[in-house]
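The next block holds one structure in the form of structure tokens; read it before the comments.
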Amino acid sequence: MKDSRDGVSAGIYERMSQNNSLVDALNEAPLGLFHLRAVITAGLGFFTDAYDLFIIGAALVLIKSEWHLNSSQVGLVGSATLIATFIGAFVFGRLADIYGRKKLYGLEAAIMGIGALLSAFSPNFIWLVIFRIIMGIGIGGDYPVSAVIMSEFSNTKDRGKTVGLVFSMQALGTIVGPMVAITLVGAGIQHDLAWRIMLGLGAIPALAVIYLRRTLPESPRFEAQVKGREAEAASTMRKFTNGTVDAKSNSLTKNVQRLTFRQFITNPRFLITLIGTAGTWFVFDYAYYGNTISTGAILKLVSPHMSLIQNEAISLMIFSIAAVPGYVVAFLTMDKIGHKRLQLIGFFVMGLMFLLIGVIPGVTKDLIPFVLLYGVSYFFAEFGPNTTTFVMAAELFPVSQRTTGHGISAGIAKIGAFIGVFIFPVLSSHLGLNGTLDITFGFALAGILLTLLLPEPANKSMESLTDMGQPSSVAKTVSTGA
């Protein structure tokens, strides 16, 4: 059987309730302690992700001097983790749609912890790159599984808030890194030991969350809609939420097509959505990671004579005053403003700041005006595409391909991040800071155009967002037990 609207062949079906009793209960459930538990469980992973990704910027200042690295080697060390996240995001995202979210949850944290620990004991440049790649696979795997588990536990009204709050834990990672660097260097610890401690500390939160993640139940939407075990999912959620989500287990059901990967990737509507989520995330990460991991180097270009502690202190100030409030305002307001609309606003202002830095004479030679404009760009990066790209990729795909779609989007994004981090030292040495940020402005404009491909998901159920891409009902049966 074939649906003429989407050109998708029937064959594999997923059971869904006609009135989606469990899904309706999840969509309408008020914010509760079970949401907070899921946020903390998923969010701790993103704290670890951010610390592991961004601490390398501070560590590289010390490693470069100790190992006499050239600009290409600096770029490779800074970006090695990012290219590995493409592998981790795609593989874990795909496997989580096949075997379930819970079976993969915790494994990626273990890989992150092992990679961080091994990085601290790297004997040379080559081994450091290899160990950072191992860690990157774990970080990549954390993106789709954590994001989708949170979106599938969330209600409709607050989905942006809860998923955005998970991602906002990244903010703590970005400020803890400079604090650790300042503490170690300020305490007079030898540089060859200080950078190893910086990298190794990333293993502590990674290993600490493994048990916590294993205690979460399977995603109720995946269990009910993909595996067809609505009664079991309803019973589990009743216990997990202490009765807050109390869905009926007897219902009139209908069979709805479950997309295979081939059907998903060739479906015109979902393909356009995938281009939008992956494309916007790619261009944003090029700009964001290229700048963030190179913040120390950027500040050194603006003020060549500042010490390492001064450099890290200014980085900490930018993250604390500009970035952290951006995250907070984003998750508090995005459901009211609109996820798509907020992404457009963020790309526009962020790009404008990069343009002003690039074209106004003398800005890149004067620390105060540079930090002001750079700080505004950070605020609107967080209060915009850094948060929204993560959230929208977790809500715009059908449940049977949701972690796959998010994993592809996150993986392609990290290719953009890899390119940004790897070529930033090269571009800045040839084009100067002005020319490098002018190019970043162009990427922000591309982000605006790609965002226009996406629907507005705020205050809409994920089922309604993906219904247009689903074939019509092909059969109806009466279920008396599930």
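At a glance:
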item: Region 104-232: relative contact order in percent, alpha carbon pairs under 8 Å with at least 6 residues between; result: 38
item: Taking region 34-126 and dividing mean pair separation by its residue count, relative contact order in percent (alpha carbons under 8 Å, at least six apart); result: 27
item: Nearest 10 degrees, 0 to 90: helix 125-153 Cα axis against the chain principal axis; result: 40
item: Ascending count of other beta-carbon atoms within 10 Å, so fewest first, for TYR327, TYR51; result: TYR327, TYR51
item: Chain lengthening between HIS68 and THR266 when straightened (0.36 nm per residue, less Cα-Cα); result: 66.4 nm
item: Whole-angstrom gap from region 32-59 to region 204-244, using each part's C-alpha centre; result: 19
item: Ratio Rg/Rh [Cα only; Rh per Kirkwood] for region 277-378; result: 0.99
item: Length-normalised contact order of the chain in % [C-alpha pairs under 8 Å, at least 6 apart]; result: 28
item: Tilt relative to the chain, helix 159-186 - C-alpha long axis, 0 to 90 degrees, to 10; result: 20
item: Option label - Kirkwood radius over Cα pairs in Å computed here, alternatives (i) 22.7; (ii) 23.8; (iii) 25.6; result: (i)
item: Counted charge near THR244, where neighbours are those whose Cβ lies closer than 14 Å (Asp, Glu -1; Lys, Arg +1); result: -1
item: Length gained when the stretch VAL426-ILE40 is fully extended (0.36 nm per residue, less Cα-Cα span); result: 135.1 nm
item: Ranked PHE261, PHE222, criterion: other C-beta atoms within 10 Å, fewest first; result: PHE261, PHE222
item: The chain: angle of helix 33-67 to the longest principal axis, Cα-based, in degrees nearest 10; result: 30
item: Exposure proxy order (Cβ contacts within 10 Å, fewest to most) of LYS64, LYS161, LYS239; result: LYS239, LYS64, LYS161
item: Cα convex hull of region 37-174 - mean projected area over all directions, nm²; result: 8.3
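FYI, it's all coordinate maths here, none of it is from the lab. Because the structure is predicted, anything quoted here is derived from the model rather than measured. When we count neighbours, we look across all protein chains shown, and the Cβ atoms used for this are built from the backbone with ideal geometry, even at glycine.
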